[in-house]
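J.: Next up is a structure, given as structure tokens.
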Amino acid sequence: MAKKLTYFELNGLAEPIRYILYYTGQKFEDVRNDLRKWPIKEIKDSLPFRQLPIFEEDGRVLHQSIAIARYVAANTELLPSDPWQQAVLDAAVLTMYDFDEPKEEFRNKLYDEHLDFYFSRFEKQLKENNGHFGGKLSWADFILVGIVECSNLFLEDNIEKNYPQISALMKKIQNLPGVKDYIRDRKPYGIPEI
Ligand SMILES: N[C@@H](CCC(=O)N[C@@H](CS)C(=O)NCC(=O)O)C(=O)O
């Protein structure tokens, strides 16, 4: 089954998907477009919603980074078979995106207040669930790490520094087999120089 992930020469929305693919040992083509040349009309016009990432497998195309991450975790230990457990992880991931894209209630609040609202609750969940969202390593853990790493690149900070459970989860994921080697060898890119 030929798998291809297409995104930009960036960590961004594709990085947790890459981590999951490397950790679970799935071979894939890692296609990276140069943002400085974007938009490349023929590529953009070919995309379902004119945005990246997309994931292709056997002639089929999947868009939306969360759907892709969940799909590549399917049939691995990172996605439980129990529907309740699956829904718990979906809820965790959707909440991470609520953090990442603040809703009205938070738009006028200070960033630290917004961060603490979510991160103190993530801390509690992790503490009560063996250091993971849902009791054991799952695709949801990878998504949080991707979001935190991305925020850190943009803010030039370590936003997780006061949250020991989140810090520990990040270290754990970054040191997983497959992920560790990928991180060691990747280019130190993150924010495009435009
Ligand atoms: N909700 C979508 C958002 C996709 C998205 O915003 N992609 C951006 C890059 S992070 C993009 O393709 N930007 C280039 C463009 O719109 O032309 C997802 O999670 O996949």
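Nothing in this text is a laboratory measurement; each read-out follows from the coordinates by a stated rule. Quantities reported herein were computed from a predicted structural model and do not represent experimental measurements. Every residue, glycine as well, gets a Cβ built from its backbone with ideal geometry; the counts of neighbours run over all protein chains shown.
J.: Please give, to one decimal in nm, the separation of the simple spin-label points placed at Ala67 and Asn158, each 7 Å out from Cα toward the Cβ.
T.: Placing both labels 7 Å along Cα→Cβ, they lie 3.7 nm apart.
J.: Turning to a different aspect of this structure: Name the residues whose placed amide hydrogens come within less than 5 Å of the amide hydrogen of Phe8, ignoring near sequence neighbours (fewer than 5 apart) on the same chain.
T.: Those qualifying (amide H under 5 Å, at least 5 residues apart or on another chain) are Asn33.
J.: Hey, got the dipole for the range 83-174? About the Cα centre, +1 on K and R Cβ, -1 on D and E Cβ, debye to the nearest 20?
T.: 400 debye
J.: Could you pull out the longest piece of the chain with no exposed loop GluC sites (Glu not before Pro) in it, calling a site exposed if DSSP puts it outside H, G, I, E, B and it has at most 10 other Cβ atoms within 10 Å?
T.: Maximal segment without exposed cleavage sites: 1-155.
J.: Still on this structure: Counting only other residues whose beta carbon sits under 15 Å from that of Trp139, what net charge do I get with K and R as +1, D and E as -1?
T.: Here the charged neighbours net out to -1.
J.: If you don't mind, another one. Can you list the lysines whose alpha carbon is less than 28 Å from that of Lys44, not counting same-chain residues fewer than 8 positions off?
T.: Once the sequence-local lysines are set aside, what remains near Lys44 is Lys3, Lys4, Lys27, Lys187.
J.: Can you pull a Stokes-Einstein diffusion coefficient for the range 83-174 at 10 °C (1.306 mPa s), Rh from Kirkwood over Cα pairs, as a whole number of µm²/s?
T.: Translational D for this selection: 119 µm²/s.
J.: Hey, another quick one. Can you pull the three principal axis extents for the Cα set of the chain, in Å, largest first?
T.: Answer, in whole Å and largest first: 45, 39, 33 Å.
J.: What longest range of the chain stays clear of loop-exposed chymotrypsin sites (Phe, Trp or Tyr not before Pro) (DSSP non-H/G/I/E/B, at most 16 other C-beta within 10 angstrom)?
T.: 50-188
J.: If you take every residue apart from Met170 with its C-beta less than 13 Å away from the C-beta of Met170, what net charge results, scoring Lys and Arg +1 and Asp and Glu -1?
T.: Within the 13 Å Cβ shell, the charges total -1.
J.: With labels modelled as points extended 7 Å from the Cα through the Cβ direction, what inter-label distance (nm, one decimal) is found for Asp58 paired with Asp116?
T.: Placing both labels 7 Å beyond Cα along the Cβ direction yields 5.1 nm.
J.: Under a 10 Å cutoff between Cα atoms, tell me which one of Gly25, Gly12, Gly131 has the largest fluctuation in the Gaussian network model of the chain.
T.: Highest fluctuation among the options: Gly25.
J.: Would you mind telling me the antiparallel percentage of the DSSP bridges in the chain, rounded to 5?
T.: 60 percent
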